[in-house]
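**Q** Have a look at this one before I ask anything.
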Amino acid sequence: MSLSVPRWLLLALPALVLPLLVVRRRNSKRSKKIPSHIERVLIIGATSGIGRTLARQYAGLGVRNLCIVGRREGLVAEVVDECSSMRTVTEVIGVPGDFVDPKAMVRVRDEIVRAWGGLDTIIVAAGVSALRPLMEVGGDSADGDFDVERIQRIVDIAKRAADGNFVGPLVAAVTFIPLLESTSPSPSILLVNSLASVIPAPTRSLYASTKSASLLLYQALSIEHPHIAFTGLLPSTVEGDFRASAVDGGHTREAEPNKSGLRREAVARRCMTAIERGEKNVFMPWSMGLAHLAYWMVPGLVEAQARKKYRFKAA
C-alpha cells in the first residue's frame, strides 16, 4: 500500500522529523554489544519473500548462528544450502515448522538451546494475505442478506487470517521471550508487518485488521518487556508472490507489485538497520509515516487515495 502525501504535510516535515533524528542519534549501535560474529539469529518465515532475503543477507554479514524456519521442509533445506554456500563463518541450521503450532515452536527453541545455548535476534517474517472486500468473501446474496452458511464462510476465512497474522506472532513471542531475556545481552525482535495495519484499505479488511492486531501485540509487549528491543516494520507494497496464496482466494487489484513494489533486498536491509538502531516503528518508505498522520487529520483524503490505489468502487 502506498499513498501520495499532501503538500502541506511535506512543508511541516522539518518540525516532525527533527525530534526523530535527535532520538536516533542517541540510540547506541547494537553491534557494539553484539558484534555480528557472535550474533545468534532466528528467522521465522525464511523460505520465501522478505524472510528468505534476510536469511541470505545475514549469512552474507557473517553472523555466528542462523536458524531457518518455514512450513515446508524442502524449502527449509533449500535455504539452508543457499546460505551455507556463501562461504562465510555462519553456522546455519533449519527446522521445519508452522509458527501457529506451539509444539513446532518449542521444537525450534529446543534445537536452538541445544545447538547454541541461547538467542539474540528473532525476525518474524511469516504471514498470510487476504485480498477481497469482506462481504465478497461470503459470496453473492441476491436478497442482500447472508444466510448462516455464508456468514460461517467469512468466519472460517477470518480465522485463517487471524492464525497466520496474529496467533503465529503470538506463539513466537511467548515461546522465545524468556530465552531472549535470559541469554542475550541485547535481545531484539522484529515483526515484518504492513502499512495496511495502520492505514486502512479497501479489499484488505481481514488482512489489515489481523496485521494490526499483531502490531499492537508487539507494541504492548515492548512495554511489558523493556529489556527487549521490539521493532515493527511497516512497508508499503512489496514485490513478490505473497498475494498469490491469499486465504480468501482474492486477486491483486492494484498496480503490478513486481513493477511498482518495494524491492525485497531494500526492505531486508532496512530491517537489519532498524534492529541495529533499536527503532520502534519503521515506515517504508519513510513518507508513509506522514500518510499515517494525514489519516488522522484528513481521513477522507487518505480514504479517497486508498480507493484509487486499489481500484475500488463501493456498491
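**Q** Identify, by number, the condition in (1) of a type in the set (Gly, Ala, Ser); (2) on the phi > 0 side of the Ramachandran plot; (3) in a strand (DSSP E or B) that residue 232 doesn't meet.
**A** Condition not satisfied by residue 232: (2).
**Q** Could you check the range 293-315 and list, in sequence order, the residues that are small (Gly, Ala, Ser) and either in contact with a Lys or Arg (Cβ under 7 Å, 6 or more places away or on another chain) or within 23 Å of residue 281 (Cα to Cα) (or both)?
**A** First pass over the range 293-315, keeping only residues small (Gly, Ala, Ser): 294, 300, 304, 306, 314-315.
294, 306, listed by residue number.
**Q** Take the residues in the range 124-152 that are part of a helix (DSSP H, G or I) and in contact with a helix residue (DSSP H, G or I) (Cβ under 7 Å, 6 or more places away or on another chain); name whichever of them is surrounded by the most Cβ atoms within 10 Å (Cβ to Cβ).
**A** Of the range 124-152, the ones part of a helix (DSSP H, G or I) are 134-137, 148-152.
Still in the running and in contact with a helix residue (DSSP H, G or I) (Cβ under 7 Å, 6 or more places away or on another chain): 134, 137.
On the way: 134: 17, 137: 23.
Only one residue fits best here, namely 137.
**Q** Right, something else. Search the range 164-186 for residues being of a type in the set (S, T, N, Q) and in contact with a Gly (Cβ under 8 Å, 6 or more places away or on another chain), and hand back the single one that is nearest to residue 29 (Cα to Cα). Spell out how you get there, then give the answer.
**A** Taking the range 164-186 and keeping what is of a type in the set (S, T, N, Q), we get 165, 175, 182-184, 186.
Narrowing further to those that are in contact with a Gly (Cβ under 8 Å, 6 or more places away or on another chain): 165, 182-184.
Working: 165: 30, 182: 21, 183: 19, 184: 15 Å.
Result: 184.
**Q** Restricting attention to the range 83-101, does a residue exist that is of a type in the set (Lys, Arg) and not in a loop (DSSP other than H, G, I, E, B)?
**A** No: the range 83-101 contains no residue that is of a type in the set (Lys, Arg) and not in a loop (DSSP other than H, G, I, E, B).
**Q** Working only within the range 269-311, note down all residues that are over 27 Å from residue 133 (Cα atoms) and among the aromatic types (Phe, Trp, Tyr).
**A** Listed by number, the list holds a single entry, 286.
**Q** Here is a follow-up. Being closer than 16 Å to residue 249 by Cβ, surrounded by fewer than 24 Cβ atoms within 10 Å (Cβ to Cβ), over 15 Å from the mean Cα position of the chain (by Cα) and aliphatic (A, V, I, L, M) is the requirement here; does residue 158 meet it? Give the steps one after another, and end with the answer.
**A** On the way: closer than 16 Å to residue 249 by Cβ: yes; surrounded by fewer than 24 Cβ atoms within 10 Å (Cβ to Cβ): yes; over 15 Å from the mean Cα position of the chain (by Cα): yes; aliphatic (A, V, I, L, M): yes.
Taking the combined requirement at face value, the residue satisfies it.
**Q** Hey, another quick one. Would a scan of the range 86-96 turn up a residue that is free of Cβ contacts under 8 Å to residues at least 60 places away in the same chain, in contact with a His (Cβ under 9 Å, 6 or more places away or on another chain) and more than 26 Å from residue 211 (Cα to Cα)? Lay out the reasoning, then the answer.
**A** Here is the first cut: in the range 86-96, the ones free of Cβ contacts under 8 Å to residues at least 60 places away in the same chain are 86-96.
Next, only the ones that are in contact with a His (Cβ under 9 Å, 6 or more places away or on another chain) stay: 89.
The next check asks that each one be more than 26 Å from residue 211 (Cα to Cα); those that pass are 89.
Yes, the range 86-96 contains at least one residue that is free of Cβ contacts under 8 Å to residues at least 60 places away in the same chain, in contact with a His (Cβ under 9 Å, 6 or more places away or on another chain) and more than 26 Å from residue 211 (Cα to Cα).
**Q** Next question. Name the single residue that is farthest from residue 159 (Cα to Cα) among those in the range 199-229 being modelled with pLDDT under 95 and in a loop (DSSP other than H, G, I, E, B).
**A** Result: 199.
**Q** Out of everything in the range 33-69 that is within 17 Å of residue 113 (Cβ to Cβ) and basic (Lys, Arg), what residue ends up being modelled with the highest pLDDT?
**A** Among them, the one singled out is 40.
**Q** Given the range 242-315, what helices (runs of 4 or more DSSP H) lie entirely inside it while holding 1 or more residues that are at pLDDT below 90? It would help to see each step written out before you state the result.
**A** Details: elements: 257-260, 264-277, 288-297, 299-309.
Ranges flagged: 257-260, 288-297, 299-309.
The values are calculated or read from the model by the stated rules, or taken from the named source; none is laboratory data. Because the structure is a prediction, the values reported are computed rather than measured. Cβ atoms come from the backbone with ideal geometry, glycine included; neighbour counts cover every protein chain shown.
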